[in-house]
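Quick note: the coordinates plus some simple rules give every number you see, no bench work behind them. Bear in mind that the values here come from a model prediction, so they are computed numbers and not experimental data. Quick reminder, even Gly has a Cβ in these numbers, built from the backbone with ideal geometry, and neighbours come from all protein chains shown.
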Amino acid sequence: MLSNVVANQEIHAQYGGVVPELASRAHQQNIVPVVQQALQKANIVKKDLSAIAFTKGPGLMGSLLVGTSFSKSLAQALQIPLIGVNHMQAHILAHFIDDTTHSVPPFPFLCLTISGGHTEIVKITNFFKMEILGKTLDDAVGEAYDKSAKILGLRYPGGPLIDQHAKEGNPLAFKFTKPKVGALDFSFSGLKTAILYFIQREVKQNPNFVKENLNDICASIQHTIVSILMEKIQNAVKQTSIKHVAIAGGVSANSEIRKRLKESEKTMGWKTYIPKFEYTTDNAAMIGIVGYYKYLERSFDANTTTATARLKVDE
Ligand code: KG4
Ligand code: ZN
């Protein structure tokens, strides 16, 4: 991995969430300088490239189109292959970047893929054979974090902020009920509503409730969410007898899930795989690694390929 340049979009913070139109405009503004910077950092020039990998989906159509059109043009101009990459596969295969310094999961393994748009337990049989064993019926876990944060008046994205406050709080201070869904399925919309009603009720009695209890509230929310995640992985291990367990996606940056998963090596006898911090939230390296494996297989896309907003992990 020669360079991994990420342009963050600060613009969304003031709106409390990603605004699709602003996201695609920011992509348009950033794409040329980001590619230039990546080449510079890698100390190579365009004609050293052997292929162009890009995100084909899933994601916001406007943003996907910027990347797709740009990559098509670049590949055509340089007369090199074009490789469409599935964003969710990329989160999972990020475990294979830096494979000389980082322990990589052996096939088959289970991966809890948790991001702002997805919450899935995936069985990975080889680089491109992936099967979803369970998923969320409504909100993604990242969404649950971001929406809870919004209720508490924290800025977007709220996941990292809740994580920070949680470290200073009591995880058992407040109790939220867990959803009743299938053994490998998730549901977070009820939790969000429970938190909203709880805060409204408490604030009516004490207007300073959130300010005075922020750390305990965050710790309790985090404890509830991470306990649900751990329970589900446990069910998946039981069902599949696969004891190699990985996490991936933006929420895998969370300190509590990282800690609890690590502990399970001792308590459950699992072997766990936790991605390097810089490969958890969306990044270019994860798209590059899938591009690399597809390149080895000569799995290329035609120049007529299109972006797909809804792409499953096994597509
Ligand atoms: O994978 P990602 O960068 O983008 C998507 O593909 O959705 O994930 C972003 C999500 C956001 O919801 C953000 O709040 C959450 O990951 N996130 C976290 C943490 N860091 C990022 N959630 C909890 N704890 C964190 N430390
Ligand atoms: Zn992502």
Problem - Percent RCO, i.e. relative contact order, over the stretch 250-300, from Cα pairs under 8 Å lying at least 6 residues apart - result: 36 percent
Handout entry: Relative contact order for the stretch 103-274, counting Cα pairs under 8 Å that sit 6 or more residues apart, in percent
Key = 29 percent
Fill in the blank from the handout: Taking placed amide H atoms and a strict 5 Å upper bound, the residues 5 or more places from I247 or on another chain that come that close are L112, Y273
Exercise for the section: Residues in the stretch 287-315, backbone N under 20 Å from the label point at M61 (7 Å along the Cα-to-beta-carbon vector): list them, ranges by number please. Expected result: 304-313
Problem - For H95, H87, order by how many other beta-carbon atoms lie within 10 Å, fewest first - result: H87, H95
Problem - Whole-Å distance, taken between Cα centres, linking the stretch 226-298 and the stretch 151-217 - result: 24 Å
Practice task
With θ set to phi - 60°, apply the Karplus curve 6.51 cos²θ - 1.76 cosθ + 1.60 along the stretch 273-284 and write out the HN-Hα couplings as whole Hz, x wherever there is a Gly or Pro.
Solution key: 10, 10, x, 4, 3, 6, 9, 8, 6, 3, 8, 7
Practice task
Using DSSP, restrict attention to beta bridges with both residues in the stretch 103-274 and report what percent are antiparallel, rounded to the nearest 5.
Solution key: 60 percent
Exercise for the section: Output ³J(HN,Hα) for the stretch 159-166: one whole-Hz value per residue in order, computed from phi by the Karplus curve 6.51 cos²θ - 1.76 cosθ + 1.60 with θ = phi - 60°, and x for Gly and Pro. Expected result: x, x, 6, 4, 4, 5, 5, 4
Exercise for the section: Count the net charge of all other residues whose Cβ sits under 14 Å from the Cβ of E212, scoring Lys and Arg as +1 and Asp and Glu as -1. Expected result: -2
Handout entry: Contact order relative to length of the chain, as percent, for alpha carbon pairs under 8 angstrom and 6 or more apart
Key = 26 percent
Problem - Proxy reagent accessibility, fewest Cβ within 10 Å first, across T119, T280, T240, T306 - result: T306, T240, T280, T119
Exercise for the section: Would you kindly state how much longer the chain becomes between H102 and A302 on full extension, computed as 0.36 nm times their sequence separation minus their alpha carbon distance, in nm to one decimal? Expected result: 68.6 nm
Practice task
Report, in deg cm²/dmol and to the nearest 500, the calculated mean residue ellipticity at 222 nm for the chain, where each DSSP H run with n ≥ 4 adds -39500 (n - 2.57) and the sum is divided by the residue count.
Solution key: -15000 deg cm²/dmol
Exercise for the section: Please give the contour-minus-distance gain from K175 to K312: 0.36 nm per residue of separation, less the Cα-Cα distance, rounded to one decimal in nm. Expected result: 45.9 nm
Problem - Order of F54, F174, F107 under a 10 Å beta carbon neighbour criterion, fewest first - result: F107, F174, F54
